[in-house]
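See structure below.
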Amino acid sequence: MKLKQIRLEKGLSVPKLSELSGVPRRTIKDLERRDDGRVSTMIKLADALGVTLDELCR
């Protein structure tokens, strides 16, 4: 998953992405470390980042 890479390219901090997506900060940090998560969470993050789910997960 390219969550951290895309987040940094967009110039977003973890707290800002949390605010935009409604996903808790801790969850975002865990996802950036583990590279797996619920599809519903990934959809929220992809929407907040302005990318497709495919772009986020591949």
Once D54 and E9 are pulled to full extension, the length gained, defined as 0.36 nm per residue separation minus their Cα-Cα distance, is 14.5 nm
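Need one number for region 6-58: average projected area of the convex hull over its C-alpha atoms, nm².
3.2
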Quote the accessible area belonging to K29 in square angstrom, nearest 10, computed with a 1.4 Å probe and with ligands, DNA and RNA left uncounted.
90
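Given a 1.4 Å probe and every protein chain left where it sits, what share in percent of the accessible area of the chain is carbon and sulfur? The partial results should precede the final answer.
On the way: 1790 of 3780 Å².
Answer for the chain: carbon and sulfur cover 47 percent of the accessible area.
The values are calculated or read from the model by the stated rules, or taken from the named source; none is laboratory data. Just so you know, these numbers come straight off a predicted model, no measurement behind them. Remember, those area values only see protein heavy atoms, side chains included, never the ligands or the DNA or RNA. Shrake-Rupley method; radii C 1.70, N 1.55, O 1.52, S 1.80 Å.
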